[in-house]
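J.: Questions regarding the structure given below will be posed in turn.
The values are calculated or read from the model by the stated rules, or taken from the named source; none is laboratory data. These figures come from a predicted structure and were not determined experimentally. Using ideal geometry, Cβ is built from the backbone for each residue, glycine included, and neighbour counts are taken over all protein chains shown. When the accessible area is computed, the model is the full protein with side chains, heavy atoms only, and any ligands, DNA or RNA have been set aside. Shrake-Rupley method; radii C 1.70, N 1.55, O 1.52, S 1.80 Å.
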Amino acid sequence: MFQLERLIVQFLLNFVAREDLNAFLRNPQYTATLVGSLIAVSGALLGTFLLLRGMSLTSDAISHTVLLGIVVAFMLMSSILGQKPDLSSVWLIIGAAAAGVATVILTELIYRSGLVKQDAALGLAFPLLFALAVIIVSRFVDDVHLDEDAVMVGEIGVAWANTNSHCLVQAERTADGAHRAKPEYSCDSVTITPNDPRAEFTRQCVNCRRLGISPRDKEAEFTEICANCGDYSPAQAWQAGFTQKEPLLVFWPKSITVMAVMTLLTTIVVVLFYKELKLSTFDPTLAAALGFHPTLLHYGLMVMVSLVAVGAFDAVGSILVVAFFIIPPAAAYLLTDRLPRMLVYSSLIGAAGAYLGYDLARGNLLGLAQISDILAGLNDLFGLDLIEKWDSSISASMVLMIFFFFLAAWIFSPKYGLVSTMIRRSNQRRSFDHQVVLGHIHRHQGRVAESDEVTASTLHRHFRWSPTKMQRVLRQLRARNLVQTEADLVSLTARGETHARMFRQTQLTTETGGE
Amino acid sequence: MSGHNGHDPHEISTAALDIDDLTVAYNSKPAIWDIDLRVPEGVLMAIIGPNGAGKSTLIKAALKLIPRAAGTVQFCGQPYEQVRSLVGYVPQRGSVDWDFPTSVIDVVTMGLYAKLGWFRRPGRQERMLALHALEQVGMQDFAERQISQLSGGQQQRTFLARALVQDARIYLMDEPFAAVDAVTERAIITILHELRARGKTVVVVHHDLQTAKEYFDWVTLLNVEVVASGPLAETFTPKNLRQTYGGRVAYLYDDQSAPATGEE
Amino acid sequence: MPKLPAEDRHRASFEQRRIQRFWLLIGITALVAALFVPFSQIFLHVEYDYTLRTVALGGALLGVVSGVLGCFAVLRHQSLLGDALSHAALPGVALAFLLAGRDLGLLLIGAGLTSWLGVHFIRMVTNTTRIKQDAAMGIVLAAWFAAGIALLVYIQARPDASQAGLDTFIFGQAAAIVERDVQLIAVVGAASFITLGLFWKEFKLITFDAEFAGANGFRVNILSMILSTLIVVAIVLGLQLAGVILMVGMLIASGIAARQWTDKLGQMIILSAVFGAFSGSAGAIVSAVDADIPTGPLIVVVAFLLVVISLCFAPGRGLVWTLLRRHSDRRRFAAQTILHDLYHYAMDHGAPATPGETLGERASRPHLGSAVPEAFLVGVRGATARVGLRQLSARGQVQQRGDAWLLTPAGIEAATKDDHNHQLWAVYRQYSDELALPMVAEDRQQDIRNFLPGEAVEKLERQL
């Protein structure tokens, strides 16, 4: 991971100055948005397939249970290595992926018993694994990055502060664009040994604890130990004053690397297996027949979901990440019918939500209003006692913005939105009413019972319509020159005749026989 | 036992089921279109048509289970709301979860819930009626059996018993012969013939052309529209069938060994 | 009253045994629960003071409420709706707190309102778009929960300490339950049970077959909304104990466990209430003693243990019994097949030649006194065959002669009987309709006399 970061940093320094890069990464909003967008993109890519497979809630289950994997791996590593591992450690990620797959397998096992329905099986499996994780966390783990609060909301707001420092010797871009090494900067790490002149020593009682005596006791024996011996990274060395030359440092937030790797991995998997995923999503049987191993793909997808969930855990917690999997694809599903566009749209929606969500958390409602003003207004109006400063969870606000985009898509989507559907429905209903009447007259014209079936004044009874509605429809049909009325008897015009026949041929055919 | 067998003089002229200009649409695509249908009392009628012809839709729309776009439906000359107790409905077997924790007799008793009204529990009398209905379908030994232990044919008979216990005048059945064994099929058709003999009207959604001729005396051929409806002899003609199913059915109809059309 | 045939009397006693089993199970659970108290006093050093008694009682009551109403969530295939709705309650809790302060009744009303909004949002999205129910539930779960978190974080910025304990709604904290809460739970729970009792048969009908209910004139939409509301009530009440995230486990687990032990809805609900009370109070007590652990996870773990026990050991349905039955079926099948093979082989080949006898005469004369080489047993082979042979020789029906096997007189008798049984089944298949015999599932491995009344078998015998 560290080496990878270094490569990225060196690459980026080809384009931006070090100070600018540091300033950018040190900006909480930029870092949070970047991490949020990466989560959104990878979540959206996978979530689209989950949505189309009807497995959206599996991502919910997995994102809960990766916690168990993280916790168990964390405990194992603490006891084996004797030190607390970093949350971005590869072993934790592997543990989490295993827990994700375990959830799916446990669900399958319960379901396969034949005694429990599918939904109930999922509803049993993931609460159990999550419950175990919470018990372990609350009882046995004592770590700031791994407590119940982190489980819920993550720490995307302080992602900028949790960094690796990268020291760079030569990569400084000057005004003329050429790279030049700056000999006055060093990237040496420093090791202080007891022989070093800079070493500091303190006295320590060697037998106090054993004998249970105070250091002031005359039997106390002392030894000199080095208080500041050890390895110092360039940054630490500079801070401790061991080196006079200021190192060139880039502070790179760890979350960005983890999520960038996950996003890259997700993108590669989706691009490589695009046709297999597509086929096994729409027709698993055919996919199996063609030798695409839908089960393997299924578990592969679950592993990817687990990886993204664990990558996002640090930033947004294990529950809110569900939103990044489910909501953007659902919104995109309302905007387009084509899978590639769905993937792009949902990624964009997720990223935009992440960006605007940061503002929302800081009290800026889409640039339209300040939440603090609204709160003040509420206080004035209802005599409430609300604090007028709004400073809320960034990850939750990102989810709310994504949800806002879903609402917008739901209402205004040109194809499936509520508004356009309503307009289209009313148009359809009108043309449908017309067809009903035309078809009816067409069928009864020239038959014996005609007088009863096609009289303008009684026609409405056959359809159970109100007379006014019948009159309106007839008026519209007359205006379109499809029917004519003679002495209360309605008949089709030649145009209406063609129209009715055409409709019968095109609309009323069903696929018949032999399917 | 039945209070509906005696015909009122003025009711003789009314059809058991009278559908007038009924249209149902899913979105804008019509599922059934401008249906006119009169089913006289005391007939055993099959609704026959290809997949997606709207056979089940017709029954469900008649019972107001799905909204109608236009049209009226009358049972014995009355709208459905007023004569619910005269109508017995047998839904498709696959529409429920057979792992539900209940016994056969319990399911049959459900047919009496509507008559019981709010808040009243079924008692001894209801149990007797249910047992009697089970006897009619040859399932009395299964009364206390858990419904998940039933075979497909036994499930279908249970549903039939639930409709019989209602002692209705008109029965609407959605694919009662779908995927049942031969023994059950024969048992069901015997019950249907008994019902007809008692003057009941039975409307059955059916998909098997081979057996239709043998079982029913009245047929409605449906393909979104009513192609033909009437006594079997007049209606079940190659010409009408071809119009219902398209060209290929002539082969189906002429050649008895040919497979029946697919099930819905 | 129709006459009860022997078969039905047999069933009736079977039914009685089942009811006895049900009460036995309830008794055992009560006993375990009762033993739990001294056990925890001695080994966990739990002191049952007033506070703990309150907490335990509250836990038990909540377990009962969610156990009873959870059954309907399970049977309506809406387990995961419970998950979405419990998450959706969080913003309601936070909003109610913001506007009205920390009053449990109001907090729960707020929770109920947003949760109920969630139900409707799911219904609207699925009705007006092509988004399926699972995704709609996921949207509500995530978005509502996010709103709740955003509000909670905002509330936590308040300078006063009044918000303390609000986040116990996330993982549940039994220690927060006081006597007033228990009273509230009891009253609301009783009210929802009365509603359930009043609409019992309607709820049962719409849960089993909503279409039939609709055709019979029941207002399915309204009834289903009342039932959903009751489930929301159960969720909202349980939040304090189990927390929004794990509430789904508490809601459905005891129902699933109860379903394994009984085939009757009423019994399932009573059992589920007992299981719910057990896991609710056990979780509450443990977490009240060890304040580090939130209650929700403990309840879920206890409830899941009940589910595992039920799935494995429930009589009839349990996995252990199914495996045992399958094993013994396989053994019986092996033994029967071998007996059949031996019998027929001996019939066909075994007779020693007697002078003057034609080949045909010899073949038609059954002779069962000669041994059959093991290699000639064609029905089953290998380990299965050995299992079968071991069983038969244990019953004294075969004897080993080197590599070959010989039917003993007892074996011959058994084989003849078995053969006869097979023939009766064959006749039954052919003539059951003609002879107007009751319909039973055909199983040639079983004695037909166990399935058909005596006179029916006699009729079959006459057809042979």
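J.: Give me the inter-chain shielding for C:199-212: mean count of other chain Cβ atoms within 10 Å, whole number please. Numbers along the way, then the final one.
T.: Details: counts 2, 2, 10, 3, 0, 6, 6, 0, 4, 10, 9, 4, 9, 15.
Counting other chains' Cβ atoms within 10 Å and averaging over C:199-212 gives 6.
J.: Another question, if that's okay. Using Cα springs under 10 Å in a Gaussian network model of chain B, which residue among B:Gln149, B:Gln92, B:Gln125 shows the largest mean-square fluctuation?
T.: Its mean-square fluctuation being the largest, the pick is B:Gln125.
J.: Roughly what % antiparallel, to the nearest 5, for the DSSP beta bridges in chain B?
T.: Beta bridges within chain B, antiparallel portion: roughly 55 percent.
J.: Could I ask something else about it? Just to check I understand the Karplus step: with θ = phi - 60° and J = 6.51 cos²θ - 1.76 cosθ + 1.60, what whole-Hz values come out for the stretch A:116-126, glycine and proline as x?
T.: Using θ = phi - 60°, the values come out as 9, 6, 4, 5, 5, 4, 5, x, 8, 5, 6 Hz.
J.: From the square roots a ≥ b ≥ c of the eigenvalues of the alpha-carbon gyration tensor of chain A, which class results: rounded (a/c under 1.5), prolate (a/b over b/c), or oblate? List each step's numbers first, then the result.
T.: Values: a/c = 2.77, a/b = 2.43, b/c = 1.14.
Note, shape of chain A comes out prolate.
J.: Leaving ligands, DNA and RNA out of it, rank A:Ile225, A:Ile349 by accessible area with a 1.4 Å probe, largest first.
T.: A:Ile225, A:Ile349
J.: Taking loop as defined by DSSP and a crowding limit of 13 other beta carbons within 10 Å, which GluC sites (Glu not before Pro) in the stretch A:189-252 fit? Don't jump to the answer; show the numbers that get you there.
T.: Working: sites: A:Glu200, A:Glu219, A:Glu221, A:Glu224; in loops: A:Glu200, A:Glu219, A:Glu221.
For GluC sites (Glu not before Pro) across the stretch A:189-252 that sit outside H, G, I, E and B with at most 13 neighbouring Cβ atoms in 10 Å, the list reads A:Glu200, A:Glu219, A:Glu221.
J.: Tell me which lysines have Cα within less than 27 Å of C:Lys459's Cα, excluding those fewer than 8 residues away on the same chain?
T.: Within the straight-line limit of under 27 Å, C:Lys459 reaches these lysines: C:Lys3, C:Lys417.
J.: Here's a follow-up. When only C-alpha pairs under 8 Å and at least 6 residues apart count, what is the relative contact order of chain A, in percent?
T.: 19
J.: How many Cβ atoms of partner chains, on average, are near each residue of A:391-397 if near means within 10 Å of its Cβ?
T.: Details: counts 3, 9, 8, 2, 4, 12, 5.
Shielding by partners across A:391-397 averages 6.
J.: For C:His327, what accessible surface area do you get with a 1.4 Å probe? Give it in Å², rounded to 10.
T.: The accessible area comes out at roughly 100 Å².
J.: Moving on. Quick query: amide H of B:Arg38 versus all other amide H atoms, modeled in the peptide plane; which residues come in under 5 Å with a sequence gap of 5 or more or a different chain?
T.: Result for B:Arg38 returns B:Ile19.
J.: While we're here: Give the relative contact order (percent, whole number) for the stretch A:419-507; include only Cα pairs under 8 Å separated by 6+ residues. Intermediate results must be reported in sequence, preceding the final value.
T.: Working: 69 pairs, mean separation 24.9, N = 89.
Computed value for the stretch A:419-507: 28 percent relative contact order.
J.: When you look at the Cβ of every residue in B:124-131, what mean number of other chain Cβ atoms sits within 10 Å?
T.: Working: counts 1, 0, 0, 1, 2, 0, 0, 2.
For peptide B:124-131, the averaged partner shielding equals 1.
J.: Here's something else I'd like to know. To the nearest 10 degrees, how steeply does helix A:467-479 sit against the main Cα axis of chain A, on a 0 to 90 scale?
T.: 80
J.: What range in chain B is the longest one free of trypsin sites (Lys or Arg not before Pro) that are in a loop by DSSP and have at most 16 other Cβ atoms within 10 angstrom? Write out the running numbers ahead of the final one.
T.: Details: sites that count: B:Lys64, B:Arg120, B:Arg198, B:Arg248.
Maximal segment without exposed cleavage sites: B:121-197.
J.: Quick check: with the 1.4 Å probe, what order do B:Glu194, B:Glu175, A:Glu486 take by accessible area, largest first?
T.: Numbers: B:Glu194 90, B:Glu175 10, A:Glu486 120 Å².
I get A:Glu486, B:Glu194, B:Glu175, largest accessible area first.
J.: Please tell me which of these pairs span more than 28 angstrom C-alpha to C-alpha: B:Lys64/C:Lys204; B:Lys29/B:Lys115; C:Lys132/C:Lys201; B:Lys60/C:Lys204?
T.: Details: B:Lys64/C:Lys204 21 Å; B:Lys29/B:Lys115 37 Å; C:Lys132/C:Lys201 30 Å; B:Lys60/C:Lys204 22 Å.
Over 28 Å apart, Cα to Cα: B:Lys29/B:Lys115; C:Lys132/C:Lys201.
J.: Reachable lysines from B:Lys213, Cα under 19 Å, same-chain residues fewer than 8 places away excluded?
T.: Leaving aside lysines fewer than 8 places away in the same chain, those within reach of B:Lys213 are B:Lys55, B:Lys239.
J.: Does the stretch B:14-254 classify as rounded, prolate or oblate by the C-alpha gyration tensor (a ≥ b ≥ c root eigenvalues; a/c under 1.5 gives rounded; else a/b over b/c gives prolate, otherwise oblate)?
T.: On the way: a/c = 1.83, a/b = 1.45, b/c = 1.26.
In terms of gyration-tensor shape, prolate.
J.: Given the protein assembly as shown, what percent of its DSSP beta bridges are antiparallel, to the nearest 5?
T.: Numbers: 48 of 65 bridges.
Among the beta bridges of the protein assembly as shown, antiparallel pairing accounts for roughly 75 percent.
J.: Would you mind classifying the stretch C:20-315 by shape? Square roots of the alpha carbon gyration tensor eigenvalues, ordered a ≥ b ≥ c; an a/c under 1.5 is rounded, otherwise it is prolate if a/b is larger than b/c and oblate if not. Numbers along the way, then the final one.
T.: Values: a/c = 1.85, a/b = 1.04, b/c = 1.78.
Since a/c reaches 1.5 but b/c is at least a/b, the shape of the stretch C:20-315 is classed as oblate.
J.: Something else now. Give, as a single signed number, the net charge of other residues whose beta carbon lies under 14 Å from the beta carbon of C:Arg180, with Lys and Arg counted +1 and Asp and Glu -1.
T.: Details: positive: C:Arg102; negative: C:Asp103, C:Glu179, C:Asp181.
Once all neighbours under 14 Å are counted, the net charge is -2.
J.: Given Cα pairs under 8 Å that are at least 6 residues apart, what percent is the relative contact order of chain B? List each step's numbers first, then the result.
T.: Details: 480 pairs, mean separation 67.2, N = 264.
Relative contact order, chain B: 25 percent.
J.: Something else about it: Considering only B:Ile59, B:Ile47, B:Ile189, give the residue with the highest GNM mean-square fluctuation for chain B, with springs between Cα atoms whenever their separation is below 10 Å.
T.: In the Gaussian network model the winner is B:Ile189.
J.: Taking amide H positions as placed 1.01 Å from N in the peptide plane, with prolines and chain starts having none, which residues 5 or more places from B:Val219, or on another chain, fall under 5 Å of its amide H?
T.: Long-range HN contacts for B:Val219: B:Ala46, B:Gly230, B:Leu232.
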